[in-house]
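The values are calculated or read from the model by the stated rules, or taken from the named source; none is laboratory data. Here the structure is a predicted model, which means the values were calculated and not measured. Positions of Cβ are backbone-derived with ideal geometry, glycine not excepted, and every protein chain shown enters the neighbour counts.
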Amino acid sequence: MTVDSGTGFIVLRASGTMIAVDARTGERPRILYAGPDLPDATPEELEDLAKRQHAPGGPQQPIAPSWLNCIGTGHPSPPGLLAHLAGKHWAPDPRVTDVQTDGIGYCCITAIDRSSGVALHHLINLVGDSGGAQFATILSNNGDTPISLEWLSAICLPLDPRLTRVTSFTGKWAREFQTEQHNLVRGSFVRENRAGRTSHDSYPGFYLGTAHTSETHGLACAVHLAASGNHRMRVDRLADDTVSLQAGDLLLPGEITLKAGEQHICAPIFAAWSDAGYGDVTRKLHSFVRDDLVKGPKSRPVHFNTWEAVYFDHSPEKLFSLAEQAAEVGAERFVLDDGWFGARRNDRAGLGDWYVSRDVHPDGLRPLADHVRSLGMEFGLWFEPEMVNPDSDLYRAHPDWVLQVEDAEPIVSRHQLPLDLTRPEVSDYLFERITTLVQELDIAYIKWDMNRDIQHPGGADGRPVMHAQTAAVSTLINRIRGACPELAIETCSSGGARADYNMVERTGRVWTSDNNDARARHSIMRGAAYFLPLGVLGNHVGPKKCHITGRRFDMHFRAGTAMFGHMGMELDLARESEADREVLKRAIALHKQHRDLIHEGNYHRLETSDHIAGIAVVSADGHSAIAQLAVLDQHPAPHPPRLNFVGLDPAKRYQVALLWPEFVAQGAGSFAGSALMGYGLQLPQTHPDTCMIYHLEAET
């Protein structure tokens, strides 16, 4: 609901969220309040409540914050807009000229700096039923002189000053989405990424809470920047303890110049708030992704991916046999990974030559694709469209098609160079190759990989094009989706290095990590699920001996771990014992039985000791729940702790059953929801690297 008080103050309310805006004509646009709903509060009284006395040594007239805290306003915050016109007009002071609302949850405020012709269109959109808000800014050049843009944040979002703890998300290849906690001090907390993708080590999202916020209690906020390339996020705490957040594309020198009539749209941010802890914020984000963001096919068939089973050994006999074994244990989609094209017998050659290799597939891929479908599975195929091997026909024919900086030594990574997708002929080539193969082979799914950083994003004219390159990737995927509307796409970037909302909107599945180590997967999946629901996150059963860590795990632990996510397999089934294949088959059947609940239910992080990783998913009506408890190390006490469930209906009674692993499976009985949450259930004695799955069903 949008309410305009008639005074230029606007209030947007939806699903427990309130945003109050000062959009009076001739004034600087600003957010008065953004956070959990304040019932019956008006913008005017918020103005009165915020009035301060004069600060000794400060300006005679107080300077209120505005949407971008532009230099011309004199506000002491770092500005959310840095731009100039040939070195002049570097201190804009835009004022409101127009406001448009739809009466539901959308607002567009236009503010113009008269002296420079800089026009800003500030957008707010309360999205669906999630209670979250999207913010964005469009910069237009209404004058005659080109605008040189250096920095544009979607907004300088004011935060409650009680939010003094920041959780950021970092990591490395094969260890993505690790959380770090920081206490805000006066000054700035800044995360920057120059990888040309969202990166393994600087995910574009923050959580904020008070010193006392927990999963279930206290004020909390989350902000995500939907940027698939270089980006910057920062939180600034000023000397007066006011706090604000900025997020936007990190631009290279000279990257964006707007001529007369041109405009630039910044990457949007999505924000959610709650006064019921971090967990409630997570569920708001999940609701947004599931219900409003993901546009493609939403079915989540169990995968079999060939990579760790065969790598580049594409013997048709081996692949036919793998497909039969995959179907036998319950796979619903068979994905042929790297190695099917050109001279791609290893990772040093052939990338970019998207033609089926007759050396390894003399009859093409049609026989394999037909065989896969005859077994009741969909057929999927791996691509890495944005990269090329120097040892490839494509590169030999078009060496100018790569991103490069004049007079700089090319940086080869993983034997690859990045293609320049801002060149229409490059995107057209990739579009033709991918759509032709999808249509000829009736491909249901493609894994879209991107395996390196981009350090030299120079275009054909010598100017930096990283922002344009990122946009060109999105445009190409959109074109492919338009031509193949039923195609499912997964975003992969050496695992989870490009998993932002911009890519998820266009793909719908994230390869969370190249690391199939079942123990490591718990922290990786837990971190990724702060922003993405389990149904979006690929989670595979790997080999008994993990190829990345060298650790060994039994099938019960591997399969129990992979059940909570978009489940798949990535192992040579012929090397698994018959007994382990039977365990895997039963695990996949169990996943399918509870798949809708795992993917669509309300996600909860269980607060456990450090040696246990626990999550639960509860149906929207509170009738069913399923919980995963992974024991990762020895219990420090003689007996395991009790498990306190969350999200249940305290007025219901639940039948509780331990479903997995089978050797300890048991019915635990019937208990009140209030007791299961407030008192807890005693866990059984187990060895480390045991994954337990509990199911709860309300009695009728």
- Give segment 646-676 a look and list any residue that's surrounded by fewer than 17 Cβ atoms within 10 Å (Cβ to Cβ) and not in a strand (DSSP E or B), or say none. Pro650, Ala651, Glu662, Phe663, Val664, Ala665, Ser674, Ala675
- Query: What do you reckon, is Ile612 among the β-branched types (Val, Ile, Thr) and either at positive phi or within 22 Å of the chain's Cα centre (by Cα) (or both)?
  - Reply: no
- Task: Scan segment 313-335 for residues that are outside any helix (DSSP H, G or I) and closer than 18 Å to Gly542 by Cβ and jot them down.
- Result: Asp313, Gly330, Ala331, Arg333, Phe334, Val335
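Keeping to segment 616-645, report how many residues are surrounded by fewer than 22 Cβ atoms within 10 Å (Cβ to Cβ) and hydrophobic (A, V, I, L, M, F, W, C).
Adding up the residues that qualify gives 4.
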- Message: Restricting to segment 346-374, name every residue that is more than 33 Å from the chain's Cα centre (by Cα) and surrounded by fewer than 17 Cβ atoms within 10 Å (Cβ to Cβ).
- Response: Arg358, Asp359, Pro362, Asp363, Gly364, Arg366, Pro367, Asp370, Ser374
- Query: Looking at Thr422, is it touching a residue at least 12 places away in the same chain (Cβ under 8 Å) and crowded, with 18+ Cβ neighbours inside 10 Å?
  - Reply: yes
- Note on the structure: Going through (1) in contact with a Pro (Cβ under 9 Å, 6 or more places away or on another chain); (2) in contact (Cβ under 8 Å) with a residue 12 or more places away in the chain one by one, Ile19 fails only at (1)
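Within segment 475-490, is even one residue among the small types (Gly, Ala, Ser), within 30 Å of Gly560 (Cβ to Cβ) and either at pLDDT 95 or above or in the same structural domain as Gly132 (by TED's automatic domain parsing) (or both)?
First, pick out the residues of segment 475-490 that are among the small types (Gly, Ala, Ser): 482-483, 488.
Of the ones still in play, those that are also within 30 Å of Gly560 (Cβ to Cβ) are 488.
Applying the additional criterion that residues be either at pLDDT 95 or above or in the same structural domain as Gly132 (by TED's automatic domain parsing) (or both) yields 488.
Yes, there is a match, as at least one residue in segment 475-490 is among the small types (Gly, Ala, Ser), within 30 Å of Gly560 (Cβ to Cβ) and either at pLDDT 95 or above or in the same structural domain as Gly132 (by TED's automatic domain parsing) (or both).
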- Task: Name every residue in segment 48-87 that is in contact with a strand residue (DSSP E or B) (Cβ under 7 Å, 6 or more places away or on another chain) and under 21 Å from Ile124 (Cα atoms), in order of residue number.
- Result: Ala64, Pro65, Ser66, Trp67, Leu68, Cys70, Gly80, Leu81
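Return the residues of segment 90-116 that are of a type outside the set (A, V, I, L, M, F, W, C) and under 30 Å from Asp129 (Cα atoms); say none if nothing qualifies. Give the steps one after another, and end with the answer.
Within segment 90-116, the subset of a type outside the set (A, V, I, L, M, F, W, C) is 92-95, 97-98, 100-103, 105-106, 110, 113-116.
The answer is Asp98, Gln100, Thr101, Asp102, Gly103, Gly105, Tyr106, Thr110.
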- Task: Identify, from the list Gly103, Gly57, Gly128, Gly117, the residue that is surrounded by fewer than 18 Cβ atoms within 10 Å (Cβ to Cβ) and more than 34 Å from the chain's Cα centre (by Cα).
- Result: Gly57
- Message: For segment 32-54, which positions are among the charged types (D, E, K, R) and either surrounded by 18 or more Cβ atoms within 10 Å (Cβ to Cβ) or within 34 Å of the chain's Cα centre (by Cα) (or both)?
- Response: Asp37
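For Asp596, indicate whether it is out of contact with any Asp or Glu (no Cβ under 8 Å at 6 or more places or on another chain), of a type outside the set (S, T, N, Q) and more than 20 Å from Asp280 (Cβ to Cβ).
Values: out of contact with any Asp or Glu (no Cβ under 8 Å at 6 or more places or on another chain): yes; of a type outside the set (S, T, N, Q): yes; more than 20 Å from Asp280 (Cβ to Cβ): yes.
Yes: the conditions hold for Asp596.
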- Query: Are any of the residues in segment 181-191 of a type outside the set (S, T, N, Q), crowded, with 24+ Cβ neighbours inside 10 Å, over 30 Å from Asp514 (Cα atoms) and in contact with a strand residue (DSSP E or B) (Cβ under 7 Å, 6 or more places away or on another chain)?
  - Reply: no
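Yes/no matrix, rows are residues, columns are (1) over 16 Å from Cys691 (Cα atoms); (2) buried (at least 23 other Cβ atoms within 10 Å of the Cβ):
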| site | (1), (2) |
| --- | --- |
| Gly538 | yes, yes |
| Ile548 | yes, no |
| Thr561 | no, yes |
| His566 | yes, yes |
| Lys585 | yes, no |
| Asp596 | yes, no |
| Asp610 | no, no |
| Ala613 | no, no |
